[in-house]
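The values are calculated or read from the model by the stated rules, or taken from the named source; none is laboratory data. All values derive from a computational prediction rather than experimental measurement. Note that we place each Cβ from the backbone using ideal geometry, even for glycine, and neighbour counts take in every protein chain shown. Remember, those area values only see protein heavy atoms, side chains included, never the ligands or the DNA or RNA. Shrake-Rupley method; radii C 1.70, N 1.55, O 1.52, S 1.80 Å.
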Amino acid sequence: MSGTISNGLSALLAAQRALQTTSNNIANANTEGFVRQRVDFTENPSSPIGGFTIGSGVSVGSISRIYDQFLTDNLRTATSLEQRADAFNDFAARINTVLGNPDTGVNTAVQRFFNQVEAVGRDPTSAAQRNQLLLEGENLAERLQQIDSQLGGINNEINSRLGLAAGTINTLAGQIADLNGQITAAGSSAASDLLDRRDLALKQLGAQINITTIRQNDGSVNVLVGSGQSLVLGTDSARLAVVQDQYDSSRMQLAISTNGGPLQDISGKVSGGTVGGLLSFRNDVLDSSRRDLGLLAIGLGDTFNAQHHAGVDLAGNMGGDFFFIGSPVVSGSTGNTGTATASAAITDVSALAGRDYELRFNGSAWSVIDNTTHSPVTATGSGTGADPLLFAGLSFSVSGTAAAGDRFMVRPVANAADDFRVMLTEPAAIAAAAPVTARIAAGNASQATVAPPVVADVTDPKLRTPATIRFVTPTSYVVFTGGGADLVGPLAYTSGADISFAGWTAQVNGAPAAGDEFLVEPTPGGSGDNSNALALASVSQRGFFANGTQSVIDLGADIVATVGSTANRASNDILIQQSLREQSEIDLENLSGVNLDEEAANMLRYQDAYMAASKVVSIADGLFQNLLQIVGR
């Protein structure tokens, strides 16, 4: 009887454990990170009786997690990539709204300004049109400043989000290190809930930053971030923090400290999770958009100013700067040990690109690195005030003593949009007229004509000195200022050929007679001439950037198109990453998730087993009691 009772009791206990395990599965069906558990039964060793062996019941061999490491890692990676795409997409959509808005975007403001320049060209003496041009210029400057401020606000938000993410990562890393300790202490009997909690913490950590896990023989998990920096080693966790960029205090970088050591910048080595999305957006979209906006401001201001200098205002004075444009920003690294200070200036706006440049001193010479592509940039000069370093439309010079390893960052267009503003205060100061005009002298014998002169050099000191083109013969001419001074010629004449003198170029057309004269004179004040206004209006369409192949309007359109294309790709990418994460989740759920129908069936099965085992015990007990009664008679 004892064997039957023992078998029944072992079956009863096994069924009870199975019911407890199944009920725990059902209870945690909606618990995030829970891994379904299963009871593994083991047949007890049989006992020999006479010439036979009779079974000795059952025992619970283990309660195992239905778990697959590869599926778990795959879901964590998919989650990390989805969170990266989500953060990138969120900010890409926002910057697209800022730059691409058809009513308030940069292209609209530029186009409205040049439309008003054309209006001045149609009525150059109108005070109302001139005043409106100043207002449109101020509106353009204000819009550029507002957009730059909005982009700066996005940069500040990214700084804050990086700080919050660093705090979350530190909390999760601490939890994982603590769970490592508990799991290691428990050894092979570590509770399933500890393993579940650690896997969930790893998944949540992967959503913040891309990680690599290395499982140890003692059951602990080491966690690496970036390009292999240790975040969790056994029961020890490192600390992440945000630190100021070595060149720009308004820009925060992610850094790691291990065992209380110095913080090490890892921003360039993080590619996944929310942090990876934030850093990727800032580096690939936000920074380039701000630089392009600054390049647009400098290019527009420089080309418009240059043309404005080539005209005269209503008072007959040569035009001055219409717009103010800023200077390059030069920042020394916080790690510099020398006493050098540096400055930079723009030497050729048309050669500028939307780039930042890092200058490195090796102890004897400077080298220039493109901060976007990290490739070397060709430069000439030694970097002294007398022999500045020349590269990419810039000059760079150092005063003081630089130490080997010192670095400087040159940002040519960093503050250009914010600095951009209108310099003129009076509508009459708009230089809409050409500085010189040409006319036919009275008494000319021929029907030859003269075209309006084009200014080639506004700096020529004799540009506005009255000059005469006199034909000595029908095929030769001389040019001179009043009284015969500064005589040039005689020169051979061809109809329509350039005649250049004192910074201007004109053309005489037709067959002049000997003695014919054509006069080039300063444009008087109050002139209704619109030559320079028309030239100013054409500035928006002239090839200027990218070696003369891209105009101001083209650059503005490219900024909007690039950001729009990026936002569209980001929107598609988040859908793809969501789909991949959902499939990874389904794959893991099919293996490790709780199926309530299956668990309900198991409950019934184990209930039947429990009842049957109870019946075995009851029958065995009854037989035993009967036997005792028989023996006791």
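If you stretched the chain out fully between Leu596 and Ser618, how much longer would it get, using 0.36 nm times the residue separation minus the C-alpha to C-alpha distance? Before the final figure, lay out each step's value.
Numbers: separation 22, 0.36 × 22 = 7.92 nm, distance 3.22 nm.
Between Leu596 and Ser618, full extension yields an extra 4.7 nm.
Shown in residue order for the range 21-28 are the 3J(HN,Hα) couplings computed by the Karplus curve 6.51 cos²θ - 1.76 cosθ + 1.60 at θ = phi - 60°: 5, 5, 5, 5, 4, 5, 4, 9 Hz (x for Gly and Pro). Rounded to the nearest whole Hz, the Karplus-based 3J(HN,Hα) values (6.51 cos²θ - 1.76 cosθ + 1.60, θ = phi - 60°) of the range 84-97 follow the sequence 4, 5, 5, 5, 4, 5, 4, 6, 5, 5, 6, 5, 5, 5, with x at glycine and proline. Under the criterion of Cα pairs below 8 Å and six or more residues apart, the relative contact order for the range 523-615 equals 10 percent. Since only Ile211, Ser46, Ala609 are under comparison, the one whose Cα sits farthest along the positive direction of the charge dipole of the chain, derived from C-beta charges on Lys, Arg, Asp and Glu, is Ser46. Accessible surface for the chain, divided over its residues, is 46 Å² per residue with a 1.4 Å probe. Based on alpha-carbon atoms, the Kirkwood radius and the radius of gyration of the chain give Rg/Rh equal to 1.29.
The charge dipole of the range 1-93, taken about its Cα centre with unit charges on the Cβ of Lys, Arg, Asp and Glu (plus for the first two, minus for the last two), comes to roughly 340 debye.
When the Cα positions of Ala431, Val454, Ser399 are compared along the charge dipole of the range 379-494, Val454 comes out farthest toward the positive end, with charges on each C-beta of Lys, Arg, Asp and Glu. Per-residue extension of 0.36 nm, minus the Cα-Cα distance of Ser367 and Asp193, leaves a gain of 57.0 nm for this segment.
As a check on your grasp of the helix formula, calculate [θ] at 222 nm for the chain: sum -39500 (n - 2.57) over DSSP H runs of n ≥ 4, divide by the residue count, round to the nearest 500. Mind showing how you got there, number by number?
Details: 12 runs with 276 residues, N = 633.
Mean residue ellipticity at 222 nm (helix-derived): -15500 deg cm²/dmol.
If you sort His374, His308 by accessible surface, 1.4 Å probe, largest first, the order is His374, His308.
Relative to the Cα centre, what is the charge dipole magnitude of the range 456-593, using +1 at the beta carbon of each Lys and Arg, -1 at the beta carbon of each Asp and Glu, and rounding to the nearest 20 debye?
On the way: 6 positive and 15 negative charges, 121 e Å.
Dipole size: approximately 580 debye.
Please find the FRET efficiency linking Ala351 to Thr97, where r is the Cβ-Cβ separation and R0 is fixed at 41 Å, and quote it to the nearest 0.05. So, using R0 = 41 Å, E works out to roughly 0.80.
Leaving ligands, DNA and RNA out of it, report the carbon-plus-sulfur percent of the accessible area of the chain at a 1.4 Å probe. Answer for the chain: carbon and sulfur cover 51 percent of the accessible area. Overall, the chain carries a charge dipole of about 1120 debye about its Cα centre when +1 sits on the Cβ of Lys and Arg and -1 on the Cβ of Asp and Glu, all other atoms neutral.
Projecting the Cα atoms of Asn530, Thr505, Thr562 onto the dipole axis of the range 488-594, where Lys and Arg carry +1 and Asp and Glu carry -1 at the beta carbon, places Thr505 farthest toward the positive end. Between Arg605 and Gln182, the modelled label-to-label distance comes to 3.1 nm, taking each label 7 Å out from Cα in the direction of the beta carbon. Between Thr505 and Arg215, what FRET efficiency follows from the Cβ-Cβ distance if R0 is 45 Å, with the result rounded to 0.05? Efficiency, rounded to the nearest 0.05: 0.05. For Trp366, the accessible area of its heavy atoms, probed at 1.4 Å with every protein chain present, is near 40 square angstrom. You can think of it this way: the chain between Asn30 and Gln69 has 12.0 nm of extra reach, that is 0.36 nm per residue less the Cα-Cα gap.
Karplus-based coupling profile of the range 342-348, in residue order and whole Hz: 10, 9, 9, 9, 8, 9, 8, with θ = phi - 60° in 6.51 cos²θ - 1.76 cosθ + 1.60 and x standing for Gly or Pro.
Treating r as the C-beta distance of Phe324 and Thr384 and R0 as 30 Å, the FRET efficiency rounds to 0.55.
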